[in-house]
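Have a look at the structure below before the remarks.
The values are calculated or read from the model by the stated rules, or taken from the named source; none is laboratory data. Please read these numbers as outputs of a predicted model, since none were measured by experiment. Quick reminder, even Gly has a Cβ in these numbers, built from the backbone with ideal geometry, and neighbours come from all protein chains shown. When the accessible area is computed, the model is the full protein with side chains, heavy atoms only, and any ligands, DNA or RNA have been set aside. Shrake-Rupley method; radii C 1.70, N 1.55, O 1.52, S 1.80 Å.
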Amino acid sequence: MVEDADELFVRHEPALVIPAEKTTAYQAARLLGEALGVSPDVSISIIDRIPERAGLGGSSADAAAVIRALALRWGVDPLDRRVVETARLVGADVAFFLNPVPSLMKGAGDTLAETFPELTGVPIVLVMPCTEGGVTSECYAEFDREPVVAADYEPLCAALRAGSVSGVAAHLSNNLAPAAKRLAPAVGEAETWLLSRNGVIAGQVTGSGACSFAICESESAAQRIAQSADIERGWWSKAVLTVGLDAFFC
């Protein structure tokens, strides 16, 4: 929620352990105001449902939601060059969340190369075994010690162009996952557990961890696996569906 205020104020629920001024949401509002020549005198309230350090882009999604909401509030296209450049300043993947459709991002993950048709209604289950999550910088440092060559992404792009869920499932790849699993063996344990469940088509570790996801055969299968992860293992878990821009968070 964004409301008029005497000065910039950002509140997260639940509260974060770092000062508001150091959050991506606060920096996003400040930098966008500078880029557009607008004083960001607004109060921003964010309800966070994505765990910290999950590898799910939670802080980047927060920043992008703020940027998009303020751009629209100030009468600027959220994909205006100044807005996109601001997003890139906040974080490498923030620009993606301004237009969160399946996309090929190059460079540092901040340069859009191609977008693909939306894949909506795909049942997904998420599990996260580590309550504190992983630290992205540590994961990249571990990757640098034992780098893994990335898989060819063209087969995945071809599946996305065709709107093929089975094709996407067949070509999932994350060359950062081995580093995440070396740093936190529980991440690998959760991934292995998830892939062994009935109703799972394919899955892997998300980004730098600590979460893993799986594409499921049905919504009921995703819900059953999420419930099992919670009851049997005590892990954070969610059954969700992929959505399109009509369900965008702003």
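Sorting check: for 167-175, 202-210, which peptide has the highest mean count of neighbouring beta carbons within 10 Å, and how do the rest follow?
202-210, 167-175
Name the residue, out of Gly55, Gly163, Gly134, whose mean-square fluctuation peaks in a Gaussian network model built on the chain with Cα pairs under 10 Å.
Gly163
Taking the Cα atoms only, what angle lies between the long axis of helix 219-228 and the longest principal axis of the chain, rounded to 10 degrees?
Tilt of helix 219-228: around 80 degrees.
Mind giving me the nanometre distance, one decimal, between the label points for Trp74 and Glu21, set 7 Å out from Cα along Cα→Cβ?
For Trp74 paired with Glu21, the spin-label model returns 2.0 nm.
Measure off 7 Å from each Cα along the Cα-to-Cβ vector at Glu52 and Arg82, then give the distance between these two points in nanometres to one decimal.
3.3
Carbon and sulfur atoms: what percent of the 1.4 Å accessible area of the chain do they account for?
Looking at the chain in its full context, I get 52 percent from C and S.
Assuming R0 = 30 Å, what is the FRET efficiency of Glu154 and Glu34, from their Cβ-Cβ distance, to the nearest 0.05?
So, using R0 = 30 Å, E works out to roughly 0.20.
Leaving out ligands and nucleic acids, note down the accessible area per residue over the chain with a 1.4 angstrom probe, in whole Å².
So the chain comes to 52 Å² accessible per residue, rounded to a whole number.
Measure nothing but the geometry: give the 0 to 90° angle between the long axis through the Cα atoms of 185-195 and the longest principal axis through the Cα atoms of the chain, rounded to 10°.
70
Give me the distance in nm between label points sitting 7 Å out from Cα along the Cα-to-Cβ direction at Ala5 and Thr136, one decimal.
Placing both labels 7 Å along Cα→Cβ, they lie 2.3 nm apart.
List the trypsin sites (Lys or Arg not before Pro) in the range 1-81 that DSSP assigns to loop (not H, G, I, E or B) and whose Cβ has at most 16 other Cβ atoms within 10 Å. Which are they?
Arg49
Select from Val135, Val38, Val127 the residue whose mean-square fluctuation is largest in a Gaussian network model of the chain (Cα-Cα springs shorter than 10 Å).
Top of the fluctuation ranking is Val38.
For the chain, with a Gaussian network of springs between Cα atoms less than 10 Å apart, report the residue from Ala221, Ala15, Ala92 with the top mean-square fluctuation.
Taking springs between Cα atoms under 10 Å, the residue moving most is Ala15.
Quick one, which of (i) 128; (ii) 316; (iii) 243 is the actual volume of the Cα convex hull per residue in Å³ calculated for this model?
Computing volume of the Cα convex hull per residue in Å³ and matching it to (i) 128; (ii) 316; (iii) 243 gives (i).
Note the angle between two axes, namely the Cα long axis of helix 24-36 and the longest principal axis of the Cα atoms of the chain, as a number of degrees from 0 to 90, rounded to the nearest 10.
40
How large is the helix-only mean residue ellipticity at 222 nm for the chain, computed as the sum of -39500 (n - 2.57) over DSSP H runs with n ≥ 4, divided by its residue count, in deg cm²/dmol to the nearest 500?
That calculation yields -11000 deg cm²/dmol at 222 nm.
Could you compute how much accessible surface Thr115 exposes when probed at 1.4 Å, giving the result in Å² to the nearest 10?
70
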